[in-house]
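**Student:** I'd like to ask some things about the structure below.
The values are calculated or read from the model by the stated rules, or taken from the named source; none is laboratory data. As the structure is a computational prediction, the values presented were derived from the model and not from experiment. Cβ sites come from the backbone with ideal geometry, for glycine too, and all protein chains shown count toward neighbours.
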């Protein structure tokens, strides 16, 4: 499966960029999936509901289906977080996977950077970051204005 990463500091606009890129890429006939890695303990299930109760009782995985969507929840129970290759293997076939997070994984990436955050750029330490989408051009790397979705989308299509 082809993957392309969207990396950057928290608050830089990674999620917003992906949200804006999805219609552009779909408009080019691609089936696109997204993997979002978080360092927080996010709970998508509701305490007291059947699936929550099954997990609390010790189920390794709970797959919940509805007429509108389905969810697979897998409890790590002390095991390490899976790497990107493992997570990719769980996805249904698609044309492209946009990956938010897994910034140290070996796939091509674009960095989202905003000067207002006052954080250093990541690209000098990662040769898999091929471009920067930001509010200020950066030296020594291809630059896209953060709002130029067509140019960023085309860059991803070419890679």
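**Student:** Please work out if residue 158 is in contact (Cβ under 8 Å) with a residue 24 or more places away in the chain and closer than 19 Å to residue 18 by Cβ.
**Tutor:** Spelling it out, it is not the case that residue 158 is in contact (Cβ under 8 Å) with a residue 24 or more places away in the chain and closer than 19 Å to residue 18 by Cβ.
**Student:** Right, next: From the list 5, 78, 11, pick out the single residue that is crowded, with 17+ Cβ neighbours inside 10 Å and either at pLDDT 85 or above or closer than 27 Å to residue 112 by Cα (or both).
**Tutor:** None of the other options fit; the residue is 5.
**Student:** Return the pair list, or none, for Cβ contacts closer than 9 Å from residues in region 7-35 that are free of Cβ contacts under 8 Å to residues at least 12 places away in the same chain to residues that are part of a helix (DSSP H, G or I), at least 6 apart or on different chains.
**Tutor:** Listed pairs, sorted by first residue: 10/117; 23/149; 27/153.
**Student:** Okay, next question. For region 100-155, name all the residues that are over 18 Å from the mean Cα position of the chain (by Cα), in contact (Cβ under 8 Å) with a residue 60 or more places away in the chain and closer than 23 Å to residue 31 by Cβ.
**Tutor:** 150
**Student:** I'm trying to understand the selection: among the residues of region 80-105, which are in contact with a strand residue (DSSP E or B) (Cβ under 8 Å, 6 or more places away or on another chain) and in a loop (DSSP other than H, G, I, E, B)?
**Tutor:** 91, 92, 94, 95, 101, 102, 103, 105
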